[in-house]
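Working notes, structure below.
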Ligand SMILES: Cc1cc2nc3c(=O)[nH]c(=O)nc-3n(C[C@H](O)[C@H](O)[C@H](O)COP(=O)(O)O)c2cc1C
């Protein structure tokens, strides 16, 4: 049904326009009391066996919405209604910014992929903080806040920009993510080098602790799949050293390897997401788990299309799993299908709980 609709309507529209249209419908449905209760009852995860504890938080299930879909925190209830069990808003930057000129989002339908160079278009930390402060949630969910650098802020002053966002947003974050891995802000990914990352993460940690005294806001870093293996190890070691709570692997890739889609669209500048990212994201996750084990929480994202993909991420070491691109192709039943399939897989597995399954594949190899 959705596939037909996608082919007849969305596929013929500019991808960014289709995004905002779908977004409007989701928000509208979430504001309509009977409808939202009905949709949430049908789609929200309700499998006891999937209850997840991660980052000191209790969740109904491990699968959530990756950053970038709800940049300004306007659709938290809507996406929760559709069955995503945690919603990562952002990337939010210190200052508001328009992002890159349009067209900046492209579909590679044959590859079930997207290329985007949105460039952190968002309303900025002040506006998003105000929205979160006045939010009256309909559904209880976990809200992650993903922060990044304002484009006009020079790399040398990046820390100040992240600190500003932290001071404004940490109070509303169930967890906070330092995004240093988008390919669409010039120089941003240089912050993944440990010399730059150490002071950045330390400053954000300090700012979060200073602003929120009633609890410790979990802090994660989101990394690129294009890091060399040694650099993945270096970030993992740094995360453990700094007492970080988690790593999100991965963001989009600048690689264009193995695409079936032909034509100019493949050469559009930006980050590639969706199915072609699957293998490398999984590989990075495995490597991270082999390095850090259960010391910190890993979040698996990149090309997760099916429950089987999500299950593979859990076996590779992810406690939480996220998706974005496949939602565009699979539609409103995407999150539900993942949670349902995960419950079935867990029940047919030798593991008593989801937590027991985390990293099981990697442990087997190293045993
Ligand atoms: C249009 C678009 C915008 C995105 N914006 C952000 C962003 O602002 N911050 C971020 O950390 N990741 C962003 N991402 C990356 C996703 O969160 C995710 O890491 C990536 O797309 C891989 O997952 P997927 O294959 O399920 O899409 C964006 C992805 C897409 C497709």
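Flag not set for residue 161, criterion: surrounded by fewer than 19 Cβ atoms within 10 Å (Cβ to Cβ), part of a helix (DSSP H, G or I) and either at pLDDT 95 or above or touching a strand residue (DSSP E or B) at 6+ places or on another chain (Cβ under 8 Å) (or both). Among residues of region 1-19 that are more than 13 Å from residue 330 (Cβ to Cβ), those with a beta-carbon under 6 Å from a residue that is surrounded by 13 or more Cβ atoms within 10 Å (Cβ to Cβ) at least six positions away or on a different chain give the pairs 15/105; 15/107; 16/105; 18/10.
When the criteria are applied in full, residue 65 meets the requirement of being touching a helix residue (DSSP H, G or I) at 6+ places or on another chain (Cβ under 7 Å), more than 20 Å from residue 167 (Cα to Cα), surrounded by 24 or more Cβ atoms within 10 Å (Cβ to Cβ) and modelled with pLDDT of 95 or more.
A quick yes/no check of all residues on (1) within 15 Å of the ligand (Cβ to nearest atom); (2) over 18 Å from the mean Cα position of the chain (by Cα); (3) part of a loop (DSSP other than H, G, I, E, B):
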| site | (1), (2), (3) |
| --- | --- |
| 72 | yes, no, yes |
| 78 | no, no, no |
| 88 | yes, no, no |
| 91 | yes, no, no |
| 115 | yes, no, no |
| 132 | no, yes, no |
| 139 | no, yes, yes |
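Looking across region 145-158, just one residue is without any contact (Cβ under 8 Å) to a residue 24 or more places away in the chain and not in a helix (DSSP H, G or I), and that is 154.
When region 205-230 is filtered for residues that are within 15 Å of the ligand (Cβ to nearest atom), touching a helix residue (DSSP H, G or I) at 6+ places or on another chain (Cβ under 8 Å) and outside any loop (DSSP other than H, G, I, E, B), the ones remaining, listed by number, are 219, 221, 223.
Given the criteria farther than 29 Å from residue 243 by Cβ, within 13 Å of the ligand (Cβ to nearest atom) and surrounded by 17 or more Cβ atoms within 10 Å (Cβ to Cβ), does residue 104 qualify? Yes: the conditions hold for residue 104. Of all the residues in region 108-140, those that are crowded, with 19+ Cβ neighbours inside 10 Å and modelled with pLDDT under 95 number 0. The conditions of being surrounded by fewer than 23 Cβ atoms within 10 Å (Cβ to Cβ), in a strand (DSSP E or B), more than 14 Å from the ligand (Cβ to nearest atom) and modelled with pLDDT of 95 or more are met by residue 53.
Tallying residues that are in contact with a strand residue (DSSP E or B) (Cβ under 8 Å, 6 or more places away or on another chain) and part of a helix (DSSP H, G or I) within region 99-113 yields 1.
Restricting the search to helices (runs of 4 or more DSSP H) fully inside region 248-367 and requiring at least 1 residues that are under 30 Å from residue 6 (Cβ atoms) and either out of contact with any strand residue (DSSP E or B) (no Cβ under 7 Å at 6 or more places or on another chain) or away from the ligand (no atom under 11 Å from the Cβ) (or both) gives 278-292, 307-315, 325-330, 334-347. Being away from the ligand (no atom under 16 Å from the Cβ) and not in a strand (DSSP E or B) is true of residue 240. Among the residues of region 168-199, the ones that are touching a residue at least 40 places away in the same chain (Cβ under 8 Å), within 15 Å of the ligand (Cβ to nearest atom) and part of a helix (DSSP H, G or I) come to 4 in all.
The values are calculated or read from the model by the stated rules, or taken from the named source; none is laboratory data. The structure presented is a predicted model; accordingly, all values stated were derived computationally and were not measured. FYI the Cβ positions are ideal-geometry reconstructions off the backbone, even for glycines, and counts take in every protein chain you see.
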